[in-house]
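Report on the structure given below.
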Amino acid sequence: MKLFIDTANIDEIREISDWGVLAGATTNPSLIAKEGRDLKEVINEIVSIVDGPISAEVVAEKAEDMVKDGEVLAGMHENIVIKIPMTEEGLKAIKILSKKGIKTNCTLIFSANQALLAARAGATFVSPFVGRMDDIGNAGMTLISEVAQVFEIHGIDTEIIAASIRHPMHVTEAALQGAHISTIPYKVFKQMLKHPLTDIGIEKFNKDWEKLNK
Ligand code: E4P
């Protein structure tokens, strides 16, 4: 499973990118708004740091407007993927953009049927939201497993991005359920790195080494 970062904060992206683990990045209108910055400016900076698919979301509601905005964003860099919400108009836009050779990421996926529709419309990626499903008392990880099974059984090559990741267990489970990618917030990357036994181990090695060199 590949790892993307889910943020529009450039310092966070730079820090995790330096670890050498990033294969891409995702943003959404809320993440861009949190930074209080212009979408294109942020996307331009991200493409200069991360060498992989970078999702930039359109906010238009009509297919033709989504396509227009998507074409402008896609024209900025070959790694840019157009994030489109799962609506009727969104599906139409995905079909048009995919025919033009522009990559899309269908977002706000909450059922295997929505994922199937997006894939059949030509989406390059689908983003099932695990955490938001958990929030309403549904098993978010079951969604990943169902989408992965449907795609596997029917030979669909659309890639599954496990999104709305809230903690490290989500990442492990998404990998086990067959997600191709997890898009992970900065905080969760930091949590993934840590284990108390690693810290205790380092301390012990250092102490033993000091004893030897006294
Ligand atoms: C996916 O691409 C979205 O940006 C994101 O994962 C949404 O997560 P949230 O539910 O934490 O807002």
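Brief remarks on what is shown
- Among residues of region 160-180 being part of a loop (DSSP other than H, G, I, E, B) and under 14 Å from Phe129 (Cβ atoms), the one that is farthest from the chain's Cα centre (by Cα) is Arg166.
- Here Thr172 passes the criteria (1) away from the ligand (no atom under 11 Å from the Cβ); (2) under 21 Å from Thr124 (Cα atoms) except the one numbered (2).
- Members of region 84-107 found to be surrounded by 24 or more Cβ atoms within 10 Å (Cβ to Cβ), free of Cβ contacts under 8 Å to residues at least 40 places away in the same chain and in a strand (DSSP E or B), listed by number: Ile84, Thr104, Cys106
- Residue match in region 188-198 (condition: within 16 Å of the ligand (Cβ to nearest atom), modelled with pLDDT under 95 and more than 14 Å from the chain's Cα centre (by Cα)): no
- Only one of the numbered conditions (1) buried (at least 20 other Cβ atoms within 10 Å of the Cβ); (2) closer than 21 Å to Asn28 by Cα; (3) more than 16 Å from the ligand (Cβ to nearest atom) is violated by Ala148, and that is (2).
- Scanning region 116-135 for residues that are within 10 Å of the ligand (Cβ to nearest atom) and among the charged types (D, E, K, R) returns Arg132, Asp134, Asp135.
- Some residue of region 159-169 being more than 30 Å from Ile10 (Cα to Cα) and of a type in the set (A, V, I, L, M): no
- Qualifying residue in region 197-213 (condition: among the hydroxyl-bearing types (Ser, Thr, Tyr), surrounded by fewer than 13 Cβ atoms within 10 Å (Cβ to Cβ) and at negative phi): yes
- Only a single criterion out of (1) of a type in the set (S, T, N, Q); (2) within 14 Å of the ligand (Cβ to nearest atom); (3) more than 18 Å from the chain's Cα centre (by Cα); (4) under 20 Å from Cys106 (Cα atoms) is not satisfied by Asn138, namely (4).
- Residue check for Ala33: of a type in the set (A, V, I, L, M, F, W, C) and either touching a Cys at 6+ places or on another chain (Cβ under 6 Å) or surrounded by 16 or more Cβ atoms within 10 Å (Cβ to Cβ) (or both): no
The values are calculated or read from the model by the stated rules, or taken from the named source; none is laboratory data. Quantities reported herein were computed from a predicted structural model and do not represent experimental measurements. All Cβ positions, even for glycine, are placed from backbone atoms using ideal geometry, and neighbour counts span all protein chains on display.
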